[in-house]
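A short write-up of the structure that comes next.
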Amino acid sequence: MSSILEIADFRAEGLRIGGAKVRTARTIDVINPYSGERVGTVGMASVEDVRRAMDIAKAYVPTLSRYERSAILNRAAALLRERTDEASNIITTESGLSKKDSIYEIGRVADVLNFGANEALRDDGQVFSCDLTPHGKKRKVITTRDPLLGVITAITPFNHPMNQVAHKVVPSVATNNRMVLKPSEKVPLSAYYFADLLYEAGLPVEMLQVVTGDPREIADELLIHPHVDLITFTGGVAIGKYIASKAGYRRMVLELGGNDPLIVMDDADLDKASDLAVQGSYKNSGQRCTAVKRMLVHEKVAAEFTERVVAKTKAWRYGDPMDKTNEMGTVIDEAAARHFEKVVNEAVAQGARLLVGNAREGALYSPTVVDRVRPEMTLVREETFGPVSPIMTFKDIDEAIRMSNGTAFGLSSGICTNRLDDATRFAKELQVGTVNLWEVPGYRIELTPFGGIKDSGLGYKEGVQEAIKSFTNCKTFTLPW
Ligand code: NAD
């Protein structure tokens, strides 16, 4: 195994507060999950550091024109596209995601920047005439969307180290807001890299500050500091609900876990369906909120579908994340890999059948297929955030819909059928944020609305356009003409 540091530089990052790189007495180590090497350190902020960042943000009044915001975002996109290799190395180094996955992620981040730049140019104000009813008047109502009065706190998860950050930061820049970001302490280097890219592209330093630290010390301050107007959080349900309990009278955007099904009906083209199954399960090491976490398959086609999924799983190359021929690298850490091993073993002990995989070496966990899975097994009742394909069968569409809706989650779904009546029923009856016909549940573009219901999310959706709505206050003017 070659040293990861022969490929990527060791990065020692300070916090980004008011434009300074703030070194702290205590630091957090960033570990490469594949090699176990320490690949960087980041500052460990104190509550005082958070307060300073909040004060700087609150005191600053952004004055960038729409043109200037757009130009900064487009410049950052161009810089990032030019530096794809360097930027994707950082993601791969700190997360263990394969180069294929991290290069793809850089493309997505650049898309977010370009979409944000376009949206910054678009005035989404509305005009209403008031003489619409018998008691109307000759007046007009005009709406504007203003930045928030206070500061936005953004907290992001580990699974897409840079893109999760981009989905918070870009709409904030596009709307002239001020944000204090706390990225995941597991993958903080991508976030600092992204912030520096924006500063280089011309972003005033007060509009984006970055702190890292121990959430047990600083998270509450980020949530309840009096300058905070809005908390935008992406991560697991437990912490999302903790935030909801703490936030008080503040706007919240909570994007939480998922347990997304791929539903395969008996008329489906099984080659196409099994392609979607493996891609939806194993891309990004299965660590997507919208990864396929349950395969619900009509019993008439289950055997043939399973055979194809097993064959494609065996062909899915995984291993050294820096090896560009590998589809998949590691999961985030050894503890996560051990957890998948445990829930798969538990399911097998309860009658499920392991068909391939469940092999672990450190944080490397092989793509895994298990069938004869029942809804009450932990493997599918809870979110398994890794490359596991649990296959369950149903008799008819009623049962498929019942099974799909039978968890606490409601994020997304993928449907494989060519029958319009069935497709329409799924679209109407699945209790989720998204229904994708003949696509993986994770399919979307960065601009479009995205987010779940039930335990999968609360508040506004994400996606650049919706996030812009959530990050602004709508004001109406009425005028006498
Ligand atoms: P996590 O919930 O463990 O951590 C997310 C963030 O919360 C991290 O930055 C962490 O430091 C911070 N945090 C920890 N304690 C906190 C506290 N007390 N208060 C505030 N913040 C605190 O999630 P993770 O393991 O990094 O990411 C995986 C989870 O994220 C999965 O459940 C996945 O489904 C979910 N996710 C959801 C979406 C979505 O858009 N719905 C997208 C990606 C990931």
* Asked: What shape does the chain take by its C-alpha gyration tensor, where a ≥ b ≥ c are the square roots of the eigenvalues and a/c under 1.5 counts as rounded, a/b above b/c as prolate, and the rest as oblate?
  -> oblate
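If I require 30 Å or longer along the helix axis, counting alpha carbons, and a Kyte-Doolittle average no lower than 0.0, what helices from the chain are left? Use full DSSP H segments.
Taking the DSSP H segments of the chain (at least 30 Å long, mean hydropathy at least 0.0), we get none.
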* Taking the Cα centre of the range 236-324 as the origin and placing charges on Cβ (Lys, Arg +1; Asp, Glu -1), which of Gly257, Tyr282, Val292 is farthest toward the positive end of the dipole? -> Gly257
* Would you work out the charge dipole size for the chain about its Cα centre, treating the Cβ of every Lys and Arg as +1 and the Cβ of every Asp and Glu as -1, and quote it to the nearest 20 debye? => 1320
* Using only alpha carbon pairs under 8 Å that are at least six residues apart, calculate the relative contact order of the chain and give it in whole percent. => 18
* To do: Could you sort 246-256, 91-101 so that the peptide with the highest average Cβ count within 10 Å comes first and the rest follow in order?
  => 91-101, 246-256
* Amide H to amide H under 5 Å from Arg250: which residues, 5+ apart in sequence or cross-chain, H placed 1.01 Å off N in plane? -> none
* Find the centroid of the Cα atoms in the range 40-56 and in the range 186-260, then give the distance between the two in whole Å. => 13
* **Over the range 261-445, relative contact order from alpha-carbon pairs under 8 Å, at least 6 apart, %** => 29
* Starting from the Cα gyration tensor of the range 261-445, take the square roots of the eigenvalues, sort them a ≥ b ≥ c, and report rounded, prolate or oblate (rounded when a/c is under 1.5, otherwise prolate if a/b is larger than b/c, else oblate). => prolate
* Exceeding the 26 Å Cα-Cα cut-off - candidates Lys99/Lys293; Lys395/Lys428; Lys182/Lys241; Lys100/Lys428; Lys186/Lys314 -> Lys100/Lys428; Lys186/Lys314
* Arrange the following residues from fewest to most other Cβ atoms within 10 Å of their Cβ: Arg288, Arg51. => Arg51, Arg288
* **Whichever lysines have a C-alpha closer than 23 Å to that of Lys138, once near sequence neighbours (fewer than 8 apart) are set aside** => Lys475
* **Long-range HN-HN contacts of Ala45 with modeled amide H, under 5 Å** => Thr212, Gly213, Asp214
* **Sequence ranges 164-175, 449-460, ranked by mean other-Cβ count within 10 angstrom, highest first** => 164-175, 449-460
* To do: Under 16 Å Cα to Cα from Lys469, which aspartates and glutamates show up? Leave out anything in the same chain fewer than 8 places away.
  => Glu119, Asp123, Asp124, Asp146, Asp229, Glu255, Glu446
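Given only helices, namely DSSP H runs of n ≥ 4 each adding -39500 (n - 2.57), what is the per-residue ellipticity at 222 nm of the chain, to the nearest 500 deg cm²/dmol?
Numbers: 15 runs with 182 residues, N = 481.
Using -39500 (n - 2.57) per qualifying helix, the result is -12000 deg cm²/dmol.
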* To do: Return the percentage of antiparallel bridges among DSSP beta bridges fully within the chain, rounded to the nearest 5 %.
  => 40
* Structure fact -> For the chain, the charge dipole (Cβ of Lys, Arg +1; Cβ of Asp, Glu -1; about the Cα centre) points to a positive end, and the Cα of Gly235, Thr472, Ala174 closest to that extreme belongs to Thr472
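Can you give me the relative contact order of the range 376-481 as a percent, contacts being Cα pairs under 8 Å and 6 or more apart?
On the way: 118 pairs, mean separation 22.1, N = 106.
It comes to 21 percent, rounded to a whole number.
The numbers here are math on the coordinates, done by the rules we state, and not lab data. Since the structure is predicted, the reported quantities are computational estimates derived from the model, not experimental observations. Note that each Cβ is placed from the backbone with ideal geometry, even for glycine, and that neighbours are counted across all protein chains shown.
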